[in-house]
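Some notes on the structure that comes next.
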Amino acid sequence: MTQQLDVNDDAVTRLGLMDTTPEERFDRITRLAREMFDVDYAVVNVVNSETVFTKSQPAESDFRHTPIKDSFCGEAVKQPAVLEVRDGRADPRFADRAIVAEHGIRFYAGFPIHTDAGETVGTLCLLDTSPRELSDADRDALERFGLWAQAEMRMDDPAVSGSGSVTAEAIAPAVRDDRLAAGEVRLAALAIPYGEVSGDRSSWQQVGDRIIVTLADVMGKGEEAGGFAEELIGALQQRAHLDPVEAMLSVEEYARHDKRYRETFATLFHAVIDTRSGRVAYVDAGHGLTLLLRADGSSERLSSRNLPLGLRPSEAEWEAGETLVAHGDLIISVSDGALDAYDSTLDSLRLIGEDLRRATEPDAFFDELSIRVSEHVVDDDVTAVVISVR
């Protein structure tokens, strides 16, 4: 008799993620995981009793739908934790499955994704064409990536989040803030909460010739997420005398003593701008949505391989970033809700940059972004910070 799969088709249907288009909120997880583990593929799957639908995967691959009987995931969803297959060709459970026999995948590691009610709905997986083995540190890191993917899927569960699209009538009043700092650098921000309170926060301050700017996006919506975001932002801004890495280490230690730190996490962009030299030192914690637009028309994304605050393994080091800005340059950092006003993929960041270049002032760009939010399906907070070098 065939063993019953530990997946819940009703829960999968409820999430509404089957056969949907790529989204950056999942793609950044698989992109970082692929880089960190140096594997051929890192994917996020939605799994029901018949098929494995690959929601997020490398751009050059096209898994789409895989029959459950041909996959590793049919076994992974039965597990309470990570399933590791060091060599599928040598494992009698998988040697004859198409994923191994026809597609040449040898190594697999999969984390089962559950709803808040414990229903199994998906997997986060690593795959490689060469046999390999996870170390204890690797396994710990994969579990943290899995929790990140799980949190994103739970955001789509109406049984928990009450998710739905934001309409023009439902959007809380947008909040804008801007001022000149150090004469040559202007900072402007837009915040459109999903509902009454936003889980996104941005803030900055000027200390002599240094400007400290932070954008935080706490997983979740509502007052609890908003309060935690406010505290994180405040804690980082209070450490204005420290460089970004030192500030993050200090705040991380502070957060470890807060029980909410064990129940949620935050993506962050934290930067210190030296207005005399144009040096920008920054730490990106799983955010990846900051774009530097050069006056010469070129651009670069300011990102790193850091996990979000709250998911980073204790033995991992923070990866710091640094760049230089000059007259005419722009920096824009957004929360992932802003991408939903375009096509929800990372390419949306490029389109946002193009819209900002076309706008004569940040306010004109914010006007356009606000209109887009009202016209598209956006079910998350939207925050944008623009730094102009004059």
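The values are calculated or read from the model by the stated rules, or taken from the named source; none is laboratory data. Because the structure is a prediction, the values reported are computed rather than measured. Counting neighbours? That spans all protein chains shown, and the Cβs are built from the backbone with ideal geometry, glycine included. Note: accessible area is taken over every heavy atom of the protein model, side chains too, but ligands, DNA and RNA are not part of it. Shrake-Rupley method; radii C 1.70, N 1.55, O 1.52, S 1.80 Å.
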Give the range 32-73 a look and list any residue that's of a type in the set (K, R) and at pLDDT below 95, or say none. R64, K69
Where a residue in the range 64-81 is touching a residue at least 40 places away in the same chain (Cβ under 8 Å) and its partner, wherever it lies, is of a type in the set (G, A, S) and assigned to a helix (DSSP H, G or I), with Cβ under 8 Å and at least six apart: I68/G74; F72/G88
Show me the strands (runs of 3 or more DSSP E) found entirely inside the range 40-96 where at least 2 residues are open to solvent by 20 Å² or more (accessible area, probe 1.4 Å). 65-67
Quick one: in the range 220-239, of everything that is open to solvent by 40 Å² or more (accessible area, probe 1.4 Å) and modelled with pLDDT under 90, which residue is nearest to D340 (Cα to Cα)? K221
Residues of the range 319-360 satisfying the condition of being out of contact with any Phe, Trp or Tyr (no Cβ under 7 Å at 6 or more places or on another chain), closer than 26 Å to Y194 by Cβ, surrounded by fewer than 16 Cβ atoms within 10 Å (Cβ to Cβ) and without any contact (Cβ under 8 Å) to a residue 60 or more places away in the chain: D347, R350, E354
Do we have any residue at all in the range 377-384 that's over 18 Å from E23 (Cα atoms) and either open to solvent by less than 10 Å² (accessible area, probe 1.4 Å) or not charged (D, E, K, R) (or both)? yes
Show the residue pairs that are 6+ apart or on different chains and have beta-carbon atoms under 8 Å apart, the first residue being within the range 240-259 and at pLDDT below 80, the second being part of a loop (DSSP other than H, G, I, E, B). A255/G310
Which condition number in (1) farther than 25 Å from Y342 by Cα; (2) open to solvent by 10 Å² or more (accessible area, probe 1.4 Å) is the one that I273 fails? (2)
For the range 138-152, does any single residue satisfy the condition of being touching a residue at least 12 places away in the same chain (Cβ under 8 Å), in contact with an Asp or Glu (Cβ under 7 Å, 6 or more places away or on another chain) and open to solvent by 20 Å² or more (accessible area, probe 1.4 Å)? no
Looking only at the range 286-301, decide whether some residue is part of a strand (DSSP E or B), open to solvent by 10 Å² or more (accessible area, probe 1.4 Å) and without any contact (Cβ under 8 Å) to a residue 24 or more places away in the chain. yes
Conditions first: (1) within 30 Å of D136 (Cα to Cα); (2) in a loop (DSSP other than H, G, I, E, B); (3) not aliphatic (A, V, I, L, M). G321 passes all but one, so which condition is the exception? (2)
So, in the range 97-110, how many residues would count as being open to solvent by less than 20 Å² (accessible area, probe 1.4 Å) and either outside any loop (DSSP other than H, G, I, E, B) or free of Cβ contacts under 8 Å to residues at least 12 places away in the same chain (or both)? 7
So T123 fits all but one of (1) open to solvent by 30 Å² or more (accessible area, probe 1.4 Å); (2) modelled with pLDDT of 70 or more; (3) among the hydroxyl-bearing types (S, T, Y); what number is the exception? (1)
Would it be correct to say that A271 is within 14 Å of L215 (Cβ to Cβ), touching a helix residue (DSSP H, G or I) at 6+ places or on another chain (Cβ under 7 Å) and in a strand (DSSP E or B)? yes
